[in-house]
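Inspection log for the structure reproduced underneath, given as structure tokens.
The values are calculated or read from the model by the stated rules, or taken from the named source; none is laboratory data. Bear in mind the structure is a predicted one, so any value in this text is a computation, not a measurement. Here the Cβ positions follow ideal geometry from the backbone for every residue, glycine too, while neighbour counts run over all protein chains shown.
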Amino acid sequence: MLVTKNLVPGDSVYGEKRISIDGGVEGTKTEYRVWNPFRSKLAAGVLGGLDDIFIRPGAKVLYLGAASGTSVSHVADIVGPEGNVYAVEFSPRSGRDLINMAKKRTNVIPIVEDARLPNKYRMLLPLVDVIFADVAQPDQARIVVHNAESFLKEGGHVIISIKASCIDSTMPPETIFASEVQYLKEHNFKPIEQVTLEPYERDHAMVTAVYCRHGIPK
Amino acid sequence: MTSSLRNSVHRRNHKERSQLAHRSKLGLLEKHADYVKRARDYHSKQDRLTRLKQKVAERNKDEFYFSMTKEKTKGGVHIKDRGNVALPTDIVKVLKTQDENYIRTMRAAGVKKIDKIKNKLMEMADLLKTNTDDLEHHDIDAELDEEEVEILKKAKILPETQSHGTKRKHILFAESSAEASQISKLKKGKGKQTHETNPPAIEEAETEVDLGWKEPAKKSKKSAETKAKTSADMEVDSELPRDLEQRRRLLKELSARLERDRQLRYAEREFEMQRLLMGKGGKKKIQGVEKVEGDDEDEDREETQDEIDARRGRRQKSTFKVVDETTYRPRIYKWRLERKR
């Protein structure tokens with residue numbers, strides 16, 4: 001079972017199960033929330049064998065495609081109170097749920113804006129360490145690159161969840177993943193690994209890469 | 001004349017004789033009274049039959065009674081109406097809508113329970129035993145059966161159609177061949193570590209020399225060690241089947257609930273169809289219930305005598321035919337388009 005330590009003990013974001021265990025100090029309890037790999041692509045990637053997701057306590061994460069904030073809440077649990085999650089979601093209805101979730105978790109900053117136009121929310125973000133993208137758009141790679149140019153630090157990491165049927169439903173998924181990786185390489189990203197999310201999702205892959213702003217070293 | 005009491009006081013009562021022990025399976029021993037009763041009954045029945053035969057022989061073919069205009073016969077036998085009147089259509093509609101609402105409520109309750117079970121299943125980390133890293137526990141049962149995978153697909157937990165490359169792929173990118181060999185060495189090195197810890201343990205066992213007398217401390221320690229190991233193994237072994245047991249139980253319940261949901265869905269559709277057919281508006285039947293390219297090999301096969309003998313002549317318990325959506329096409333009606341007034 002994959003769990004994250006609950007930043008707001010006693011609160012369940014989307015009805016998930018919580019587990020309370022006796023904490024280190026006598027009399028305290030630490031609470032963990034179960035992370036469902038069938039609902040969250042990031043959890044599927046972690047269980048699928050990604051070596052490193054680069055989201056760690058204290059990190060600043062830009063989350064593109066936050067939807068209702070179910071995965072974002074788990075990322076917020078991981079980065080802890082010192083870190084920050086900047087969650088971008090375009091749809092107003094999901095944005096409402098996102099804002100309600102962010103009211104409880106103060107390290108989440110909800111941004112209800114189109115990720116294609118990073119200029120519109122540039123005043124809200126500092127330089128971030130990691131960008132996680134799950135936008136399911138055909139021009140997803142271009143969106144990620146644009147956001148990275150504006151906000152990602154040098155040597156920062158990018159994790160993209162690629163849905164093959166969304167980019168081109170006629171081509172075989174392997175070629176689509178390869179073409180996305182190629183696009184990233186052309187735009188100063190050095191890919192690290194790629195994992196297909198096989199039993200949890202169909203024709204999905206997760207790619208991690210490093211951002212080398214001044215060209216990939218040969 | 002001594003009228004002794006010998007004639008009036010009979011000392012011994014005559015007892016009635018009962019059925020012989022070795023003929024007890026034939027029932028009570030019939031006495032004359034029983035015989036007379038039986039004979040009278042038989043003869044009364046015979047007399048009734050002869051009287052009926054006489055009546056049949058002397059029947060008038062041209063007999064007529066005025067009630068014959070409304071009474072009914074079937075195959076020459078007079079059929080009397082039971083007296084049940086059909087319910088009027090509006091009351092039937094009301095009752096059927098009540099049934100439909102009940103079915104809908106039950107189905108909604110079922111859907112919630114299905115969602116709860118799906119959530120429980122999705123939380124389990126070892127739902128799909130895809131990584132075979134645990135070489136200690138050689139569990140063949142840990143893999144999901146085909147039926148269980150089918151259940152998960154039907155519940156829409158797993159995607160319906162597996163993509164072509166069903167095995168998960170993990171690709172690591174390297175800049176040059178040197179880096180690639182380095183990465184692969186790192187991966188192998190991780191595996192090597194576990195192998196290296198085993199030999200020292202074996203060495204220790206080998207250095208134990210038989211001194212010829214019991215060394216209680218060491219031996220007990222060793223036995224305690226081995227006992228602890230085996231008990232740990234036992235615990236782990238009993239733990240594993242418990243998880244598998246729970247997974248199997250959840251999947252079984254999930255499949256039963258999905259089946260129930262499907263039946264209720266069909267019932268709902270049927271009710272809706274009946275309600276619309278009772279409604280207003282001219283309608284035209286386009287298609288009745290049809291089979292689509294039915295697999296007629298096993299449908300309504302003639303039973304050989306051997307099969308009947310195997311069941312000892314009894315009829316089989318009624319097995320409900322599975323109405324598969326793909327093999328049966330539902331009826332289609334078309335209503336004339338009329339403006340609502």
* To do: Kindly list the number of the only condition in (1) without any contact (Cβ under 8 Å) to a residue 24 or more places away in the chain; (2) away from chain B (no Cβ under 14 Å); (3) among the hydroxyl-bearing types (Ser, Thr, Tyr); (4) assigned to a loop (DSSP other than H, G, I, E, B) that fails for A:SER12.
  => (2)
* To do: Considering (1) more than 23 Å from A:ALA141 (Cα to Cα); (2) out of contact with any Ser or Thr (no Cβ under 8 Å at 6 or more places or on another chain), say which one A:TYR86 fails and leave the rest.
  => (1)
* Evaluate the following for A:ILE192: is it of a type in the set (A, V, I, L, M, F, W, C), surrounded by 22 or more Cβ atoms within 10 Å (Cβ to Cβ), under 20 Å from the mean Cα position of the chain (by Cα) and outside any helix (DSSP H, G or I)? => no
* Pairs, first under 17 Å from B:GLY76 (Cα atoms) in the range B:46-66, second modelled with pLDDT of 95 or more and of a type in the set (Lys, Arg), C-beta under 7 Å, six or more apart -> none
* Structure fact -> By residue number, the members of the range A:201-218 that are more than 14 Å from A:ILE159 (Cα to Cα) and within 9 Å of chain B (Cβ to nearest Cβ) are A:GLU201, A:ARG202, A:ASP203, A:ILE216, A:PRO217, A:LYS218
* Pairs under 7 Å by beta carbon, first residue aromatic (Phe, Trp, Tyr) in the range B:164-178, partner at pLDDT 80 or above, six or more apart or different chains? -> B:PHE173/A:PRO191; B:PHE173/A:ILE192; B:PHE173/A:GLU193
* **Any chance A:LEU2 is of a type in the set (A, V, I, L, M, F, W, C), in contact (Cβ under 8 Å) with a residue 12 or more places away in the chain and under 19 Å from A:ASP134 (Cα atoms)** => no
* Asked: Could you say whether any residue in the range B:148-171 is more than 28 Å from the chain's Cα centre (by Cα), modelled with pLDDT of 75 or more, of a type in the set (A, V, I, L, M) and not assigned by the TED database to the domain that holds B:PHE271?
  -> yes
* What pairs come up if the first residue lies in the range A:17-29 and is free of Cβ contacts under 8 Å to residues at least 60 places away in the same chain, the second is polar (S, T, N, Q) and assigned to a loop (DSSP other than H, G, I, E, B), and their beta carbons are under 8 Å apart, counting only those six or more places apart or on different chains? -> A:ARG18/A:ASN6; A:ARG18/A:SER12; A:ASP22/A:THR28
* **Criterion: on the phi > 0 side of the Ramachandran plot and touching a Ser or Thr at 6+ places or on another chain (Cβ under 9 Å) - qualifying residue of A:ALA164, A:ALA136** => A:ALA136
* Out of the residues in the range A:54-73 that are out of contact with any Ser or Thr (no Cβ under 7 Å at 6 or more places or on another chain) and β-branched (Val, Ile, Thr), which is farthest from the other protein chains (Cβ to nearest Cβ)? -> A:VAL61
* Asked: Name the residues in the range A:160-178 that are away from chain B (no Cβ under 14 Å) and at pLDDT 95 or above, would you?
  -> A:SER161
* Structure fact -> Across (1) without any contact (Cβ under 8 Å) to a residue 60 or more places away in the chain; (2) out of contact with any strand residue (DSSP E or B) (no Cβ under 6 Å at 6 or more places or on another chain); (3) more than 27 Å from A:GLU198 (Cβ to Cβ), A:GLY69 clears everything bar (3)
* How many of the residues in the range A:25-52 are more than 14 Å from chain B (Cβ to nearest Cβ) and either assigned to a strand (DSSP E or B) or in contact with a strand residue (DSSP E or B) (Cβ under 9 Å, 6 or more places away or on another chain) (or both)? -> 5
* Kindly provide the set of residues from the range A:199-218 that are among the aliphatic types (A, V, I, L, M) and either surrounded by fewer than 22 Cβ atoms within 10 Å (Cβ to Cβ) or out of contact with any Ser or Thr (no Cβ under 7 Å at 6 or more places or on another chain) (or both), ordered by number. => A:VAL207, A:ALA209, A:VAL210, A:ILE216
* Is it the case that A:ASP22 is surrounded by fewer than 18 Cβ atoms within 10 Å (Cβ to Cβ), farther than 28 Å from B:ASP115 by Cβ, modelled with pLDDT under 95 and within 14 Å of chain B (Cβ to nearest Cβ)? -> no
* To do: Among the residues of the range A:179-200, write down those that are within 12 Å of another protein chain (Cβ to nearest Cβ), free of Cβ contacts under 8 Å to residues at least 60 places away in the same chain and of a type in the set (D, E, K, R).
  => A:LYS185, A:LYS190
